[in-house]
Amino acid sequence: MIFDEITEFKKDLKALLKKYRTLNEDLSVVKKVLEIMPNERPPFSFRIDGLGIETCVIKVKKIACKSLAGRGVNSGLRLIYAHYETENKIIFIEIYHKNDKEIEDRDRIINNFK
């Protein structure tokens with residue numbers, strides 16, 4: 001599996017790393033899971049519909065974060081990524097905490113994956 005990130009994702013990650021120091025390590029665990037099972041898996045992740053694009057965009061709702069001890073997968077972190085099944089590729093679009101934002105940035109998704 002090939003993993004890539006858009007520029008905005010890198011900025012999101014950099015900002016969150018100040019608050020959640022283990023986030024890079026936590027993301028490496030997520031990548032291992034996505035290598036085996038990249039498609040949506042309710043209730044942990046689901047496909048974002050209604051974007052008007054062909055690309056499969058998935059939102060991961062349950063990410064374990066070691067910086068949030070005792071919370072397990074109920075950390076509140078959200079990860080948005082595009083999955084290209086034929087190319088065996090995943091592009092990270094957005095990462096945020098649910099207390100900072102209610103919903104994913106649909107404009108960012110659409111503008112990057114038209």
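The values are calculated or read from the model by the stated rules, or taken from the named source; none is laboratory data. Nothing here was measured: the structure is a model prediction, and the numbers come from that model. No Cβ is skipped: glycine too gets one built from the backbone with ideal geometry, and neighbour counts run over all protein chains shown.
Quick look at the values:
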item	result
Neighbours by Cβ (under 6 Å, 6+ apart or cross-chain): first from the stretch 83-96, under 11 Å from M1 (Cβ atoms); second of a type in the set (A, V, I, L, M) and outside any strand (DSSP E or B)	N88/M1; I90/L34
Residues satisfying the stated conditions in the stretch 6-30, i.e. among the acidic types (D, E) and surrounded by fewer than 17 Cβ atoms within 10 Å (Cβ to Cβ)	E8, E25
Checking N88 against (1) farther than 12 Å from P38 by Cβ; (2) surrounded by fewer than 14 Cβ atoms within 10 Å (Cβ to Cβ); (3) not charged (D, E, K, R), the condition it does not meet	(1)
Breaking point among (1) over 14 Å from the mean Cα position of the chain (by Cα); (2) surrounded by 13 or more Cβ atoms within 10 Å (Cβ to Cβ); (3) within 22 Å of E87 (Cα to Cα), for P38	(1)
Residue within the stretch 53-73 that is in a helix (DSSP H, G or I) and buried (at least 16 other Cβ atoms within 10 Å of the Cβ) present	no
Within the stretch 5-48, tally of residues that are touching a Lys or Arg at 6+ places or on another chain (Cβ under 7 Å), not in a loop (DSSP other than H, G, I, E, B) and not hydroxyl-bearing (S, T, Y)	4
In the stretch 94-114, residue modelled with the lowest pLDDT [restricted to those that are surrounded by 15 or more Cβ atoms within 10 Å (Cβ to Cβ) and closer than 16 Å to L23 by Cβ]	H97
